[in-house]
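These notes are about the structure you will find just below.
Coordinate-derived values only; no laboratory data. Keep in mind it's a predicted model, so treat the numbers as computed, not measured. Glycine also receives a Cβ, built like all others from the backbone with ideal geometry; neighbour counts cover every protein chain displayed.
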């Protein structure tokens with residue numbers, strides 16, 4: 001279990017760094033959007049590269065930020081029973097959800113989007129729009145983002161199993177799933 005928890009800490013570190021990149025992508029998307037609006041309405045200049053850059057930054061926000069959102073346990077939860085069960089019941093619901101739904105779904109999406117990226121990269125695909133950007137960098141975000149979700153899903157699974165086994169995880173780690181105060 002020690003090696004699994006070390007892997008989990010590394011994945012958490014990676015997801016946190018990717019979350020920071022997603023934060024920067026929000027700022028960059030806003031700046032590009034404002035600049036694009038100024039150019040379009042203030043100077044009557046249109047630029048397809050700026051429009052596409054906004055979309056690329058949005059893709060980076062979603063695909064790099066999703067694993068960090070899972071790490072922080074701030075994802076949307078649609079569960080009728082989660083609030084009704086105790087601490088151990090919530091851990092089991094999470095374990096089953098991660099193992100049966102998140103991990104297989106994200107692994108399948110990572111696997112399915114890799115050829116999509118690879119084809120674009122091998123062809124050095126560019127946007128068909130005049131002045132458009134390369135397409136393969138944004139398409140790479142798909143398999144990378146889904147692979148990050150698989151890794152973070154494994155990390156969350158490891159942490160929940162550790163808590164069920166009574167392993168103390170240390171100060172500041174995984175606070176929500178520590179044994180509740182009596």
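On the beta carbon distance between residue 125 and residue 161, with R0 = 45 Å, the FRET formula returns roughly 0.60. Using C-alpha pairs under 8 Å with a sequence gap of at least 6, the mean separation divided by the residue count of segment 8-98 gives a relative contact order of 37 percent.
Cα axis of helix 48-71 to longest principal axis of the chain: angle in degrees, 0 to 90, nearest 10? Once rounded, the angle reads 0 degrees.
Against the chain, whose longest principal axis comes from its Cα atoms, helix 136-164 is set at around 10 degrees.
Across every pair of non-identical alpha carbons in the chain, the mean reciprocal distance, once inverted, gives a Kirkwood radius of 18.5 Å. Suppose R0 equals 41 Å. What FRET efficiency, 1/(1 + (r/R0)^6) with r the Cβ-Cβ distance, do residue 100 and residue 44 give to the nearest 0.05? The formula returns an efficiency of 0.15 here. Thinking of segment 90-175 as a set of Cα atoms, what percent of all their pairs are more than 19 Å apart? More than 19 Å apart: 54 percent of the Cα pairs in segment 90-175.
Please give the FRET efficiency for residue 26 paired with residue 79, using the beta carbon to beta carbon distance and R0 = 30 Å, rounded to the nearest 0.05. It comes to 0.60.
What full-extension length gain, to one decimal in nm, is calculated for residue 58 and residue 34 as 0.36 nm per residue of separation minus the Cα-Cα distance? Let's see the in-between values first.
Details: separation 24, 0.36 × 24 = 8.64 nm, distance 1.43 nm.
Value of the extension gain: 7.2 nm.
Averaging the Cα positions of each part gives two centres, and for segment 5-35 and segment 95-115 these lie 21 Å apart. Computed from the mean reciprocal separation of all distinct C-alpha pairs, what Kirkwood hydrodynamic radius does segment 1-84 have, in Å? After inverting the pairwise mean of 1/r, the radius is 15.2 Å. Geometric descriptor of segment 93-143, per residue, is 74 Å³ (volume of the convex hull of the Cα atoms). Against the main long axis of the alpha-carbon atoms of the chain, helix 2-37 sits at an angle near 30°.
Based on C-alpha pairs under 8 angstrom that are at least 6 apart in sequence, the chain has a relative contact order of 30 percent.
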